[in-house]
Amino acid sequence: MMIISSVPRRLFLAVISMGATFAIHCSAHAEMSPWAENEGGRMRLVALAPDAGGKIRAALQIEPKPGWITYWKEPGNTGIPPQLTIPAGSGVRLDAIGYPVPKHFFNGTVEDIGYDAPVTLPLSLKAAGKGEVEIDALAFIGICKDICIPFQANFQLKLGPAIQSHPQEEAILAAADVSLPKPPSADFDVTAQAMAADQKTLSLTLVLPAEGKGAPDIIVTGPSGYAFTKQIGGKRDGAVFKTNVAIGKLPKDYDISGKRWGVLVIDGERAMETTVPFE
């Protein structure tokens, strides 16, 4: 089971942010920034010009060096989730960050969720006006080996009208989209969920792909900063899988009524992500 307390993690981020005393500045008059580099890896921003509705397809490419990892949106016991900040009033807003299917990493009792190979996080951006658009984004990630190093970089891209294709950028963005978990489908979904009265276990019933075998990997994300992965008594019967996920300590006086939690299920080569409601 992994329990990530949001308050300690915020304090952890505040402390390590003090250590990030420099920010790498990368600008370009194109659709791809230069790489920003640090001891554990590198990252850059990729974007395409806005479409007719102002939507900008973009991505943050992260390449950890061998032996290093970076983190998923709920990173584990002490990790740092990726952050991208765009100043208000800049004419561009960030609507969403996508997260490819992550891995689990264990070091004794410490569990991390993230990536040990190059990963591209799709970004959904929106431009407020028409014509040339300038993206001014501050990226902040954790990249870790024996220790975690905060990695911060400022990226600036100027995007003109979409008058020509950019095959390299388009290929990067297309590959990033393919790496994302898929939405629920008829053969891969959470069909029932129930939280125990004491909020110590979450019962899940899933329909799984026919080609899969054994227990799938399940990551349940609750309140921000909390994720749970320990399964109790899972049983697969054909396409149906039933299990209980151990839920650790939640925020004091947490009321689950009306909330929606995230569920990521990885079964063999397929991954599905959804949310489940609690009445």
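Every number in this text was worked out from the coordinates using simple rules, so none of it is lab data. These numbers come from a predicted model, not from an experiment. Using ideal geometry, Cβ is built from the backbone for each residue, glycine included, and neighbour counts are taken over all protein chains shown.
A few comments on the model shown:
- Spin-label pair GLU211/LYS158, simplified geometry with 7 Å Cα→Cβ offset, distance in nm: 4.8 nm
- Against the chain, whose longest principal axis comes from its Cα atoms, helix 167-178 is set at around 10 degrees.
- Rounded to two decimals, the Cα-based Rg/Rh of the chain, with Kirkwood Rh, is 0.99.
- Take every Cα pair under 8 Å whose residues are at least 6 apart in sequence, average their separation, divide by the length of segment 134-261, and the relative contact order is 16 percent.
- Largest GNM mean-square fluctuation across PRO100, PRO251, PRO167, computed for the chain with C-alpha springs under 10 Å, falls on PRO167.
- Trypsin sites (Lys or Arg not before Pro) restricted to segment 64-155 and DSSP loop, no more than 10 other C-beta within 10 Å: LYS130
- Angle in degrees between helix 6-19 and the longest Cα principal axis of the chain, rounded to the nearest 10: 30 degrees
- With contacts taken as Cα pairs under 8 Å at a separation of at least 6 residues, the chain carries a relative contact order of 19 percent.
- Cross-link partners of LYS130 among lysines, defined as those whose alpha carbon lies under 19 angstrom from its own and excluding same-chain residues fewer than eight positions apart: LYS55, LYS158.
- Virtual spin-label span in nm between ALA197 and ASP253, 7 Å along Cα→Cβ: 2.3 nm
- Nearest-0.05 FRET efficiency for LEU138 and SER179, computed from C-beta distance (R0 25 Å): 0.55
- Gap separating the Cα centres of segment 48-123 and segment 181-205, nearest whole Å: 25 Å
- Length-normalised contact order for segment 189-277 - Cα pairs under 8 Å, 6+ apart - percent: 30 percent
- Peptides 136-142, 43-49, 270-276, 189-195 ranked from most to least packed give 43-49, 136-142, 270-276, 189-195, packing being the mean of other C-beta atoms within 10 angstrom over each peptide's residues.
- Net length gained if the chain between THR275 and ALA52 were fully extended (0.36 nm per residue, minus Cα distance): 77.2 nm
- Structure-based [θ]222 nm, the chain - -39500 (n - 2.57) summed over DSSP H runs of at least 4, per residue, nearest 500: -3000 deg cm²/dmol
- Entries in LYS145/LYS182; LYS73/LYS182; LYS103/LYS242; LYS103/LYS249; LYS73/LYS259 that, when Cα-Cα distance is taken, lie over 28 Å: LYS145/LYS182
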